[in-house]
Each structure stands twice: as structure tokens, then as C-alpha cells.
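Following: one structure in C-alpha cells, then a few remarks.
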Amino acid sequence: MLGLMMDAPLLITDLIRHADRHHGETEIVSKTVEGGIHRYNYRAAHKRARRLANALAALGVKPSDRVATLAWNGYRHFEVYYAVAGSGAVIHTINPRLFPDQIVYIANHAEDKYVFFDLTFLPLVEKLAPQLKTVKGFVLMTDAAHMPKQSSIQNLLCYETLLEAQDDEFDWPSLDERTAACLCYTSGTTGNPKGVLYAHRSTMLHAYAAALPDALNLSARDVVLPVVPMFHVNAWGLPYSCALTGTKLVFPGPHLDGKSLHELFETERVTMSAGVPTVWLGLLNYMKESKLKFSTLKGVVIGGSACPPAMLRAFQEDYGVNVLHAWGMTEMSPLGTVCTFKEKHLALDKEARYAVQAKQGRAIFGVDMRIVGEDGKELPMDGKAFGDLQVRGPWVITRYFKDEGGDPLMDGWFPTGDVATLDPDGYMQITDRSKDVIKSGGEWISSIDLENVAVAHPAIAEAAVIGVKHPKWDERPIVVAVKKPGQEVTKEDLLKFFEGKIAKWWMPDDVVFVAELPHTATGKLSKLTIRQQLKDYKLPAA
Ligand code: AMP
């Protein structure tokens, strides 16, 4: 017997409809790229998203077409999120911090039809446009007054002019809830960046789960400022979850320094924020130097990299702000775990509570996780055994876009590339990473790409690149290299050899020459052993 309830598909469109109807007056505030503050509400945002949907139709955007963005967190980007996915097309958020060649690769791989971009990125888009083979037009997300007088971009359109030409009325199509909605590429694996294609349904389920009290704890009484970019796994889903809960949103635009953030926290009475540790370090340093406090901030979500214990203490003890340590990945939309206490932890002493908070947290409902040994067998949840962390659930990837890299699953589980322990209470703690990448300031650096450059140097026989702990960037790459017999090369020569071949911020911080490198039984470089051998290594002072 089937239930007798309505069969409503889970569609992103319903989030903005709900926010308009039930939280229409709730504000969305943005610090703009052009300068100054823009202020409107969910009702006005929905209206403009409908205008934009009409504009997209007029531009010939069809269901499943990919529409790319190169944009900061702001109200226009928010409108593009809803208009594109609501029309049945796919919003492809590109990370503008990637190396230009990678942006070209990603846009061509995604076969983007249009690129919406902020003024900041005009020089970048001018440079890349001739190489973007599938793009029919470029929309500058600004008004007519800020359009450049001249540009090498052939088909350059103005966002506000497009919207002005359109009507407010638009009937959002009723889509199959499994329709693709958003596309994010991740470099967090080996080889070329791969696309992760979210559906309306997966995004909606994730939005529900993220709002829960033991997840991001969102409500209609909160004011949320996502520092995490909308080009990083949809700002961890906040533009969706906040519409679901009717939460005021504050977008910082490109202004991510400590002073700008603190000002915005205070003027907009922000209660909750989210970002990677590097951003918080900048803010905390500024607050300390300027002897400032927060008057409304209650909580920060820290994820993307491990939250350093000193940061946890500084937020909680110096500023009375609760830290939610969270873990996730692009392949998981991204939320997997959030660290909140159970009732039994409340009576623990301070240090014991910090030990719990240092962990990445418990799985939120919708994400199942386990750790496995080398033989693929599940390991016990005893807080000691560590193994490869695997996940499954309705907002976890099944395959990458265009089947890149083949079937990633193992027995129906997605291997995360993280090595972790799980304790009897279900708290997960990351102990290492098995994937060959380095995370610096929340962004990936491919160790393999750097190794390929190093071994291309005529005097280098073999090279490994590993991540070393860094107080600001979390990790920085260093090269551990073996010289060819009879060849000479200095550290400076080798570093110079990288120039122009990689993004500037990928530049290794140091070179360590060794007589030989350790290998595994299958002949691969043993990064685990190299990391152990260099455990007392310290980066040179900057
Ligand atoms: P991304 O796909 O760029 O979001 O990166 C996901 C990866 O970042 C994870 O697989 C982890 O390696 C790392 N990561 C994310 N959050 C944390 C955290 N709280 N602690 C340690 N590593 C993390």
C-alpha cells in the first residue's frame, strides 16, 4: 500500500519561493565589488531572479546548459544561483583563484554556454575569452555605468541592462527532482580537476540537514555571513539553507580582510559565520591588535582544513564565540560531520571538552561513514584504529561529470582520501590524507603537478612534494629531491625553474635535497614515510 501524501519534487525553486512568501522582508545585504553596501530582501531577490530567468531564456539558455560564474559572494551571484538552477539549467561556479589554464580546462570541459563574472575578473576574462570555445556570451555582473568603454571581449553583456529589459513574471518549471542544478570542480584528487554535479534533490536534502541544531543551527533569528566563497562548494550550502530557514544573509563581496569582516559583523549584527582557518587567523590577528570584541557573533563554522586548537580556544575564551568544527568535501555537497557535544559531554571538564572539539565531529543524518583497512574490511569504532574514511548518502557523489576517472565507488561507498579514526560515540578525527594533494589556505595544490615540474629539471633524478604545517596557510608545499649523479643544482635554481610553470601561490616554500627517497612495495613514492622522516623539519622563516 502506498502512502496518500502529495508527491512534491524537492526543487531549489521552492526555497526562494518560500523565502519570498514567508520571509519576504528579511534582508540580504552585500558589500559590493563596485563599492558601498547593497541592501534588499528575499522578496526583491526572488523578483530579480525571475527577471534573470526571463533573460536567460531570451539568451537561448536551454535546460541542462551550463552557465558559469566567476564571482564573489554577493546578491547578483545569489540571483544567478536561483535563476539558473530554477530554469532547469546548471550553474557552474568557477574558482577564480585557479591557475588560468585550469579555468580554461574546466570551462571547456563543462562546455559552459555563458559566463557571468564580477568586475574584478574583467582582465582575467579578457585574457581567457578567446580560449573558451563553447561560450556564446559573457555577462558582466554590474550596471551600465560600470561597463568598460572598451573591451576585447566580443559578446560582452551588462547584467543590469539584461534584467531591465525583462518582466518580473516567470513560471518556474516543475522539474524532476533529480535534474542537475549545480556543477563544482574539485582539484582535491589526482589528475585534472573533476566535476561534481549536484541535483535539486541532493541540494535540498543537504539544505535541510545543514540547518539542524547539531549541524549549522540556523534560524529566522540569525544573521549569517558566509566568508566561505560561493565558488567553494556553494558556500557550504548556506545560500540554500538560509533561504530555507529565513535567515538574514550578509555577503562580504571581495572584502575578506580582518578589518572589513569585523566592521560588517558589527554593522549587520551577524550571529553566525563560516570559513576556512586561514580567514579566521586574519580576523583574529586584527581583533587582537585593535583590541576589539564581537557584540553579536555567537558561532563560527570552521572547516575545509583542520581547526587549530589555539584558534578554538581564542574564539571561545577570548571572544565568547562557539566554534563548530566541520568536515566535508566537494563530493559531499559538502557537509559530512559537525562537531557538537552530546548530553554526556556537558559535565566534562574544560580540557576534556576541548579534546572532543578538536575532532571533526559526528556524521549528520544523511551521511553514513566508516573506516576500512588496506584489505577493504571495516575497522572498529574504537577511537584508535585508523583507516580510509568512506562515506555514502543522498548528497554524496556516484560518478564525476562525464565519467571522468571511472567509477569512484568501492562497494557502494565513496573513498574520501582522508585517513581517520571513529570513536564509539561516532566522532570522526582525521589523522592523515591518502590523496596526493596539499591544502593551503583552503585551496588545493597538486603535489603531482609540482613533482612533474621538479623532475623536468635536468639535474633532478627524483622528487616528492609534501605538505608541511604552516601557521597561516595550514600547509605549504616543499620539494624533497634527489640529484642526478654528478649533477649540481641549488635550491634557488630549482625554485626559479618553477616560475611561470605554476600559479605563484603554488611555489614551494623550500627544497630539501636527500640522497634517496623511500618507496612502497609497489614502487610508489612513500609519502607517509617521507612525512615521518621530515617530522622535525621546520619551514624557513618567511
Ligand atoms: P574540498 O573538496 O576542497 O572541500 O576538500 C575536502 C577535503 O578537505 C577533505 O577531504 C579533507 O582532506 C579536507 N578537510 C575538509 N575539512 C576538514 C577539517 N575540518 N579537518 C581536516 N581536513 C579537512
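The values are calculated or read from the model by the stated rules, or taken from the named source; none is laboratory data. The model shown is predicted, which means the values in this text are computed figures rather than measured ones. Note: ideal-geometry Cβ built from the backbone for every residue, glycine included; neighbour counts use all protein chains shown. Protein only, heavy atoms only, side chains kept; ligands, DNA and RNA dropped before computing areas. Shrake-Rupley method; radii C 1.70, N 1.55, O 1.52, S 1.80 Å.
Put the Cα centre of the range 404-453 next to the Cα centre of the range 59-77 and the gap is 29 Å.
Dividing the mean sequence gap of close Cα pairs (under 8 Å, 6+ apart) by how many residues the chain holds gives a relative contact order of 10 percent.
With the cut-off at under 11 Å, measuring from each backbone N in the range 366-395 to a point 7 Å along the Cα-to-Cβ line of D432 picks out 386-388. In this structure the range 256-433 gives 44 Å² per residue of accessible area when probed at 1.4 Å with all protein chains present. In summary, the lysines within cross-link reach of K483, defined as a Cα separation below 17 angstrom excluding same-chain residues under 8 places away, comprise K491, K496.
Among rounded, prolate and oblate, which fits the range 436-533 when a ≥ b ≥ c are the square roots of the eigenvalues of its C-alpha gyration tensor, a/c under 1.5 means rounded, and a/b larger than b/c means prolate?
On the way: a/c = 1.81, a/b = 1.17, b/c = 1.54.
It is oblate, given that a/c is not under 1.5 and a/b is not larger than b/c.
Shape class of the range 11-206 from the alpha-carbon gyration tensor: oblate, with a/c at 1.5 or above and b/c at least as large as a/b. Using the 1.4 Å probe convention, the accessible area of the range 436-533 works out to 49 Å² per residue with neighbouring protein chains retained.
Ellipticity at 222 nm from helices only: DSSP H runs of n ≥ 4 in the chain, each -39500 (n - 2.57), divided by the residue count, give -8000 deg cm²/dmol.
Counting only protein heavy atoms and using a 1.4 Å probe, what share of the accessible area of the range 256-433 belongs to carbon plus sulfur, as a whole percent?
Working: 4230 of 7870 Å².
Accessible surface attributable to carbon and sulfur in the range 256-433 totals 54 percent.
With the cut-off at 21 Å, report for the range 1-86 the share of all Cα pairs above it, as a whole percent. Walk me through the numbers before you get to the answer.
Details: 1449 of 3655 pairs.
I get 40 percent for the Cα pairs in the range 1-86 exceeding 21 Å.
Projecting label points 7 angstrom from Cα along Cα→Cβ for T134 and E488 puts them 5.2 nm apart.
Against the empirical 2.2 N^0.38 Å scaling, what ratio does the C-alpha Rg of the range 256-433 come to? Kindly include the intermediate steps, with their values, before the conclusion.
Working: Rg = 18.1 Å, N = 178, 2.2 N^0.38 = 15.8 Å.
Relative to the 2.2 N^0.38 Å estimate, the range 256-433 comes out at 1.15.
What fraction, in whole percent, of alpha-carbon pairs in the chain exceed 29 Å separation? Result: 54 percent of Cα pairs exceed 29 Å. Here the spin labels are modelled as points 7 Å beyond Cα on the Cα-Cβ line, and at K402 and L534 they lie 3.4 nm apart.
Once you order the gyration tensor axes a ≥ b ≥ c over the Cα atoms, which shape class does the range 293-391 get: rounded for a/c under 1.5, otherwise prolate or oblate by comparing a/b with b/c?
Details: a/c = 2.38, a/b = 1.69, b/c = 1.41.
Prolate, because a/c is 1.5 or more and a/b exceeds b/c.
Expressed as a whole percent, the accessible surface of the range 1-41 that belongs to carbon and sulfur atoms is 58, based on a 1.4 Å probe.
How big is the antiparallel share of DSSP beta bridges in the chain, given as a percent to the nearest 5?
On the way: 52 of 91 bridges.
The antiparallel proportion sits near 55 percent.
On full extension, the segment bounded by K291 and E126 gains 55.1 nm, given 0.36 nm per residue less the C-alpha separation.
In terms of Cα to Cα distance under 24 Å, which lysines are near enough to K344, apart from those fewer than 8 places away along the same chain? Straight-distance partners of K344: K298, K359, K384. D432 sits among other residues whose Cβ lies under 14 Å from its own Cβ, and their net charge, with Lys and Arg +1 and Asp and Glu -1, is +2.
What is the percent carbon and sulfur in the accessible area of the range 436-533, measuring with a 1.4 Å probe over the protein chains and ignoring ligands? Don't skip to the answer; put the middle values down first.
On the way: 2650 of 4830 Å².
Looking at the range 436-533 in its full context, I get 55 percent from C and S.
Considering only protein heavy atoms, what per residue accessible area in square angstrom results for the range 11-206 with a 1.4 angstrom probe? Write down the numbers at each step before the final one.
Numbers: 7480 Å² over 196 residues.
Accessible surface, normalised per residue, equals 38 Å².
Here is the list for the range 307-352: trypsin sites (Lys or Arg not before Pro) lying in DSSP coil, each with at most 15 other C-beta atoms within 10 angstrom of its C-beta, are K342. Highest average first, the peptides 225-238, 497-510, 296-309 ordered by how many other beta carbon atoms sit within 10 Å of their residues are 225-238, 296-309, 497-510.
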